[in-house]
Amino acid sequence: MDLFKKTLDPIIALAIIALLDVFLFVIVGAWTVGGGETMLAGLVAKYVLGAKTLARIPFWTLVFTPTWAYWKIYISLGMGFGAFVAAVLSKEFYWRVPRHLSEWVMITIGGLLMGIGIRLSFVCNVSTFFGLTPEMNLGGYLAVSGIVAGAWVGSFIYKKVLEA
Amino acid sequence: MITVTGQCVAAFIFGSTVGLLVQRSRWCNTSALRDAMLFKNYRNTKALLVAMMILTLGFTGFISVGNGNPMRFDVGINQFIGLFLFGIGMVLAGACTVSSWVKTGEGNIGALWALLFLIIGLFVSSLLWSFTYWPPAPATMTGQPNLAALQFGFADALTLQQKTGIPAIVFGLIQFAALFGLYRLILRKERAIQTARGQVQPEAAKSSPQVDAAMPEPAIGAVMAGGAGASGSYQEEA
């Protein structure tokens, strides 16, 4: 199939995703990732620490009660699965490992900042661009301003690290 | 009403399709912002804007006829602060929430590492929340402004429709026009860059609409070389 030989035009890909997202919005809710990842964090913590310890942290009883019956988890897992299938079919699956220590450090700090940011704002980049802003939510506009400012600062740091 | 299992199945099908399309198109939210700022490359930014235009019309259209499930939570200053931190983090990690899953699916250990620390970050903030109880949990949200907690209440196309009586699609069309304006601006900028590089004559740019879509060759080459999304320096060395 041609799809697995050539790179797809991102405009076509994103237009299809947008149409599917409208459909999802009608049946359950707009595309989001942060919520599912929070639930996954809760499930992992429940497995590692045990249900009793987790129950002592108010967040996991008042805001998110860990459960597998939460649709947003399956969007995240689906993305990994879909990408795996696409990568295997197009012979692009291979192990890629960051080589330099600086990369590992940047990824670690970046990952932590993303997690803290998601929790603080109750939204992630996906719900910002593909949920809240198209719903014309004021929170979406605040979030877009935040992510653009953050990406600018991040790019500045990234550039400094690349030059160093 | 759709059952919980139905919701999960629909979400998985949606997610898998997204994963496949994002992997094949090498789209990445991080590079949509970072490449535009650092390298003046708008490949991913344009796709993001097209998706947002379609979504704005789709969402506000369904809200107008009383359909759809908009997110209902209090808007607060925390959305700006949180996404500011997220923005820095995604550029440093070279992956956003989408591309970290997609790249993990492709066998990228760096992306899996980012995902692991994202989950650790989520857990750390859940501990912090348990001390501060801020921002308020969705269960306690009233939809009314609560300035002491820096929350402004619900504010979206649905509340606009309820308060003004004007269908949400009208506001949606205004936002569509704004996004389209931004898209046009990017096309004009791309053309200016191409002209400056001497790849396209200004007359040719005017007469042929196809030039709009064409990317400068070196830029697209760089995108391909970078693997999925061309984001993250660790891609190039893999």
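The values are calculated or read from the model by the stated rules, or taken from the named source; none is laboratory data. Note that the structure is predicted; figures quoted are calculated from it, not measured. Using ideal geometry, Cβ is built from the backbone for each residue, glycine included, and neighbour counts are taken over all protein chains shown.
Annotations for the structure displayed:
- Condition check for residue B:160: within 12 Å of chain A (Cβ to nearest Cβ) and either aliphatic (A, V, I, L, M) or part of a loop (DSSP other than H, G, I, E, B) (or both): yes
- Scan of segment B:154-182 for residues that are surrounded by fewer than 16 Cβ atoms within 10 Å (Cβ to Cβ) and either more than 26 Å from residue B:44 (Cα to Cα) or not β-branched (Val, Ile, Thr) (or both), ordered by number: B:162, B:163, B:164, B:165, B:166, B:170, B:173, B:177, B:178, B:180, B:181, B:182
- Exactly one residue among B:193, B:120 is within 12 Å of chain A (Cβ to nearest Cβ) and within 27 Å of the chain's Cα centre (by Cα), and that residue is B:120.
- Subset of segment B:105-122 (residues that are surrounded by fewer than 24 Cβ atoms within 10 Å (Cβ to Cβ) and on the phi < 0 side of the Ramachandran plot): B:109, B:112, B:113, B:116, B:117, B:119, B:120
- Within segment B:1-12, considering residues that are facing another protein chain (nearest Cβ under 7 Å) and assigned to a helix (DSSP H, G or I), the one farthest from the chain's Cα centre (by Cα): B:4
- Residue count for segment A:113-128, restricted to those that are in contact with an Asp or Glu (Cβ under 8 Å, 6 or more places away or on another chain) and surrounded by fewer than 24 Cβ atoms within 10 Å (Cβ to Cβ): 0
- Lone unmet requirement of (1) touching a Ser or Thr at 6+ places or on another chain (Cβ under 7 Å); (2) part of a helix (DSSP H, G or I); (3) free of Cβ contacts under 8 Å to residues at least 60 places away in the same chain; (4) facing chain B (nearest Cβ under 7 Å) for residue A:36: (4)
- Selected residue (only one of B:157, B:111 is small (Gly, Ala, Ser), farther than 25 Å from residue A:60 by Cβ, modelled with pLDDT under 95 and within 19 Å of the chain's Cα centre (by Cα)): B:157
- Every residue from segment A:55-76 that is touching a residue at least 24 places away in the same chain (Cβ under 8 Å) and at the interface with chain B (Cβ under 7 Å from one of its Cβ atoms): A:71, A:72, A:74, A:75, A:76
- Residues in segment B:49-76 that are hydrophobic (A, V, I, L, M, F, W, C) and facing another protein chain (nearest Cβ under 7 Å): B:50, B:51, B:52, B:54, B:55, B:59, B:62, B:71, B:73, B:75.
- Selection status of residue A:42, buried (at least 21 other Cβ atoms within 10 Å of the Cβ), closer than 18 Å to residue A:135 by Cβ and within 16 Å of the chain's Cα centre (by Cα): no
- Search result, residues across segment B:66-80 that are touching a helix residue (DSSP H, G or I) at 6+ places or on another chain (Cβ under 9 Å), surrounded by fewer than 19 Cβ atoms within 10 Å (Cβ to Cβ) and of a type outside the set (Lys, Arg): B:67, B:69, B:77
- Residue check for residue A:88: at the interface with chain B (Cβ under 7 Å from one of its Cβ atoms), β-branched (Val, Ile, Thr) and either surrounded by 14 or more Cβ atoms within 10 Å (Cβ to Cβ) or under 16 Å from residue B:103 (Cβ atoms) (or both): no
- Residue A:93 being out of contact with any Lys or Arg (no Cβ under 6 Å at 6 or more places or on another chain) and either of a type in the set (Asp, Glu) or closer than 28 Å to residue A:143 by Cβ (or both): no
- Subset of segment B:19-46 that is aliphatic (A, V, I, L, M) and surrounded by 24 or more Cβ atoms within 10 Å (Cβ to Cβ) - its residue that is farthest from the other protein chains (Cβ to nearest Cβ): B:32
- Meets criteria (out of contact with any Cys (no Cβ under 9 Å at 6 or more places or on another chain) and closer than 27 Å to residue B:118 by Cα) for residue B:51: yes
- From the options A:131, A:80, A:110, A:154, residue that is farther than 22 Å from residue B:117 by Cβ and either at the interface with another protein chain (Cβ under 7 Å from one of its Cβ atoms) or crowded, with 24+ Cβ neighbours inside 10 Å (or both): A:131
- Under the condition of being under 12 Å from residue A:115 (Cα atoms) and among the aliphatic types (A, V, I, L, M), the residues counted in segment B:67-126 number 13.
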